[in-house]
Every structure is written in structure tokens, then in C-alpha cells.
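Participant: Encoded as C-alpha cells, here's the structure I'll be asking about.
The values are calculated or read from the model by the stated rules, or taken from the named source; none is laboratory data. Please read all numbers here as calculations on a predicted model, not as lab measurements. Every residue, glycine among them, receives a Cβ derived from its backbone with ideal geometry; neighbour counts consider all protein chains shown.
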Amino acid sequence: MTALASTSVETIRKEIFLLAARALGDPHARTPSGRYVALVTWLAGSDEAWLTRLIGWMGRHAGLRDLRLAALAELAQARLEAGATGTRHLLDRSLHRADEPGELLAYWLQWYGRAIPQPVKRGIADAAVRLYDELAMATYDSPGAPLRFADVLALTHPVPQGTRQAALFRHAIARRRGDLNLIPASLPLLRARRALYWIPANRRPALFERPEGGRMLAEAAMTWPAARRWLLGTMTGPAWAAVVPSMTYQDRLAHLADFDRDEMPDEIARQVAGEIAAPAAVLRSGVTPLEVFAAWRSAPDSRWTRALKAALELSLANVPALPGRTLVLIDQGDLMTGPADNGLTRADAAAIFGVALACRAAHAQVVILGTTDATLPVRPGESPLDLIDGFASIGGSTSPARAIRDRAAGHDRVVVLTHPDQAAQAAEAVTIPGQEHVITDVTSGWFTAIPHVEMARTADWPF
């Protein structure tokens, strides 16, 4: 903490916000580091109001949950040390999902021990009462959780609201002991799920051929991952048809090839295709061209083609419209032939991300780095698919660093989409402080991360 003492509050704000902003795009940056915790701890004592607003903003981004809970715990500890009141209410209102009371409590136990202060205990207990219901138990109370629901109840002693929640709490304790059979009549969802598991495994696929099959899954709130586990990993077309209503837009995109392989009925497939191409659904989901393009590549020349073309155009609205002049360097060299995490090659992911960003930018210059460096004209209203068709074959030994030195002049930002082996040299070549973005593992989160990283430079907070 001594190293932070002479640092200004605004500098600390910028650094901690930058860490959170980069984590929007980089899943590997979502585990709280020692530096992050030190910054949070210092800021908790010097600018609690700003840190509280940051925690609220992080709550709008699911990928930042671990960072948010760590910040919340450190803020609570700082408040306790300062003798402040209101910590109980702060913790309660800051926990949003039913797995978060257990995750926050697990963090506290790891770093502060089992002597849990009363405001922390009561705040987590209040959140448990608010969040714990049948669906939450079916979804989050699993053996792999940091703490089971019963562990949270034993450590915080919440008072249930009503007889139904009291029965739920008693059943949580029974589940923790391994007793899954005695489910009270007041918990119909959990009883319905237990009834499904009583069906012998070899007879479960046949349930989807019966008229009441879909109803039984709905009564048990069976999501597609739960249904797949129940079927021991083997889905069928009728099974997919039964769980489609519970799938998110992104879930459906990611499983189009599975729908085809498992022979989803045409009538249901037409409904799914219509929803994929619906403008309101695209905007509401926040889906990006990267996700749509991955679905396109997974199910080429299929019954989904027309819907995916429409969705790809519509999803551009979910890409930030960057102001000023943007240089986008898209590496298509030999190193980019390997796979990316989203099922595309690194080259494909870089290509669709780069052209989508350029299509929305106020003014963008796109340069493809391959056997030669070639500028790709971007005209207003042009489709990302049409732009990608103009890419040359992948290959060549590229130098993003050289391309930056040759072309960055006159631009307000540089976005470099390249291989990890090229990243260090590329970063050293950039001379636009705060608005350089060297991205090696392309994810949809980087569309959100780029403008937020730039906010850290200007202290233009989104909260």
C-alpha cells in the first residue's frame, strides 16, 4: 500500500477502471489480481462513493462478476474498519444472482477467516432470503459451487420468509447431506425434476415423443444443459424442440449445427430461424457479428442461411460506433491459421471483428496483413460478408509493428488484431497513448471493451 500512498485518486481510478475494462474483452483478466485488490482497498478508504458506483456498473456485465465480488468484499472490510454504517444494506443490494451469496462468502472466508462480522453475515443472509427459491436451487446449488446453499444458511442464519421458503431451506440442508428423496409438497418444481430423474435412462428419449413431454420439462424448469445432462449427453431433434423456448438467442446460434445433426423438426426450425432474424430479438440479445459469423461457419449452406445473413446485418447495431479516425490492422498471416476459442480460426475471428468495427466507425482504414499489406476500402452500408469476400488467401510472414509505424500517423486510434507472438512488438510500436488496442484472442467482449478502455484515459466514467 505504501507504493500507492503518493498516487492521486484519479490515477488510481483510471488504473482500476482500465483493469475492469480490459476484462470485458479478455476472459483471462477476470480473476482478481493482487494489484487489483490493492487498488480497490486503497480506493475504498479514499473514494468510497466512486468505488460503489464502479461496483454497480460492473453488475451490468456478467463477465466482471469475480472482480465485482472482490471489490464488494474489500469495500465491506474497509467500511468495517472505519466504523461506517450501512454495510449490511450495501451487500444485500449488490448481490444479484443466487450463486453470489455463496461466492462472496467463499471469498470472505478465504481472505478474512471464519469470524464473519455481523454486518457481512446479515447482508449476505438478506440476499439469500431475497434470491433463494426453487429455480435458484435447481440452477445453482450444485456440488461444484464454492459454497452450497446449505453452507450459506449455516454460516449466516437467514430467517426465511414464509413457510414455503422455510421448507426450501430445510430441503437445502437435506440436499447437502445427500438426501434428495424427501422433497416437500410445497416445492413442486423440485419434485417435478426429481420425477424426471426417476425415469430410467434408456426410457428418457421416448418422453419427447409424448404430448406431455414438453410440459413435464417446463414444469421442472429444465434448461438445455440440464436436459442434456438428464439424457446423458445425447440430444435428439425432439429434445432440442422441447428446450428451445428456454434457450437464449446466443444459445440458439451456438447450436444450429446441433439442431441439424440431431434432426430438429422443420416446423420448429422455421420458428427458430424467424426469431434469429427478428430485429427486436437481435437488438435485445446484444449479439455481435462475431457470434453470428461463427454460427454461419458452423452451419454453412443450411436452412439457417437466410436468417443468419439478416442477423449479421442487424447485429452491427450492437457494435460501438467509434468516433474519429480508426486504423484497423487485420493479421491474416501464417500464424493466424490456428483455432480461436469461438470455433473460428484466428484469421476468421480477426477478419469479422475488424470489418464489423470498421463498418460502424465514423472513419476507418482497414489494412489486411498477409503476403502483402493491402488496404481494404470500406464504403457506407457495405456488408461485412461482402468485405470478407475481398480478403486474399491466408499466409505470409506479417509484421504488425511495421504496419503500425508506416500507417498510424493521422489516426486517433489503432486496433491491431494479431497473434500473441506478435503482440509485444505491436504494442511497442503504437504511439497513441490510451487508444491503442492490441487484441490477440478475439471475443465479442472486445466490442464493449474498446470504448471503455478509452474512457479510462479521459476519466469519462460510464456511471
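Participant: Take the residues in region 64-86 that are hydrophobic (A, V, I, L, M, F, W, C) and over 27 Å from the mean Cα position of the chain (by Cα), then tell me which one is surrounded by the fewest Cβ atoms within 10 Å (Cβ to Cβ).
Facilitator: Here the answer is Ala82.
Participant: What are the pairs with Cβ atoms under 6 angstrom where one residue, in region 204-217, is assigned to a helix (DSSP H, G or I) and the other, located anywhere, is at pLDDT below 90? Sequence gap at least six, or different chains.
Facilitator: Partner pairs satisfying both residue conditions: Leu207/Gly213.
Participant: Another question about this same structure. Return the only residue of Val438, Val453, Val414 being closer than 19 Å to His28 by Cα and not in a helix (DSSP H, G or I).
Facilitator: None of the other options fit; the residue is Val438.
Participant: Within region 383-402, track down each residue that is farther than 23 Å from Pro320 by Cβ and either among the β-branched types (Val, Ile, Thr) or not in a loop (DSSP other than H, G, I, E, B) (or both).
Facilitator: Asp389, Ile394, Thr398, Ala401, Arg402
Participant: Let me ask something else about it. Any residue at all in region 27-45 that is farther than 30 Å from Val438 by Cα, out of contact with any Cys (no Cβ under 9 Å at 6 or more places or on another chain) and not assigned by TED's automatic domain parsing to the domain that holds Pro420?
Facilitator: Scanning region 27-45 turns up at least one residue that is farther than 30 Å from Val438 by Cα, out of contact with any Cys (no Cβ under 9 Å at 6 or more places or on another chain) and not assigned by TED's automatic domain parsing to the domain that holds Pro420.
Participant: It is to be established whether one or more residues within region 321-329 are loosely packed, with under 15 Cβ neighbours inside 10 Å, in contact with a helix residue (DSSP H, G or I) (Cβ under 8 Å, 6 or more places away or on another chain), within 30 Å of Asp421 (Cα to Cα) and modelled with pLDDT of 95 or more.
Facilitator: Yes; the residues of region 321-329 include at least one that is loosely packed, with under 15 Cβ neighbours inside 10 Å, in contact with a helix residue (DSSP H, G or I) (Cβ under 8 Å, 6 or more places away or on another chain), within 30 Å of Asp421 (Cα to Cα) and modelled with pLDDT of 95 or more.
Participant: Going by what's in this entry, would Arg170 be described as touching a residue at least 40 places away in the same chain (Cβ under 8 Å), out of contact with any Lys or Arg (no Cβ under 6 Å at 6 or more places or on another chain) and in a helix (DSSP H, G or I)?
Facilitator: The answer is no for Arg170.
Participant: So, in region 368-396, of the ones that are closer than 21 Å to Ala310 by Cβ and among the charged types (D, E, K, R), which residue ends up modelled with the highest pLDDT?
Facilitator: Ranking the candidates gives Asp386 first.
Participant: So in region 336-367, with the set limited to residues that are out of contact with any Phe, Trp or Tyr (no Cβ under 8 Å at 6 or more places or on another chain), of a type in the set (A, V, I, L, M, F, W, C) and over 24 Å from Ile432 (Cβ atoms), which one is modelled with the lowest pLDDT?
Facilitator: So the residue we want is Ala340.
Participant: Right, here's the next one. State yes or no: is Val378 outside the structural domain of Glu15 (by TED's automatic domain parsing), in a loop (DSSP other than H, G, I, E, B) and touching a Cys at 6+ places or on another chain (Cβ under 8 Å)?
Facilitator: Yes, satisfied.
Participant: Taking region 3-49 only, how many residues are aromatic (Phe, Trp, Tyr) and in contact (Cβ under 8 Å) with a residue 40 or more places away in the chain?
Facilitator: Number satisfying all stated conditions: 2.
Participant: On to the next question. For the list (1) buried (at least 16 other Cβ atoms within 10 Å of the Cβ); (2) more than 25 Å from Glu291 (Cα to Cα), I need the number of the one condition that His61 fails.
Facilitator: The number of the failed condition is (2).
Participant: Looking at region 259-312, which of the residues that are within 21 Å of the chain's Cα centre (by Cα) and not in a helix (DSSP H, G or I) is surrounded by the most Cβ atoms within 10 Å (Cβ to Cβ)?
Facilitator: Here the residue is Thr288.
Participant: Please determine whether any residue of region 232-240 is in the same structural domain as Arg303 (by TED's automatic domain parsing), buried (at least 21 other Cβ atoms within 10 Å of the Cβ) and of a type outside the set (Phe, Trp, Tyr).
Facilitator: No: zero hits.
Participant: Can you give me the number of residues within region 376-430 that are touching a Lys or Arg at 6+ places or on another chain (Cβ under 9 Å) and loosely packed, with under 14 Cβ neighbours inside 10 Å?
Facilitator: Number of matching residues: 1.
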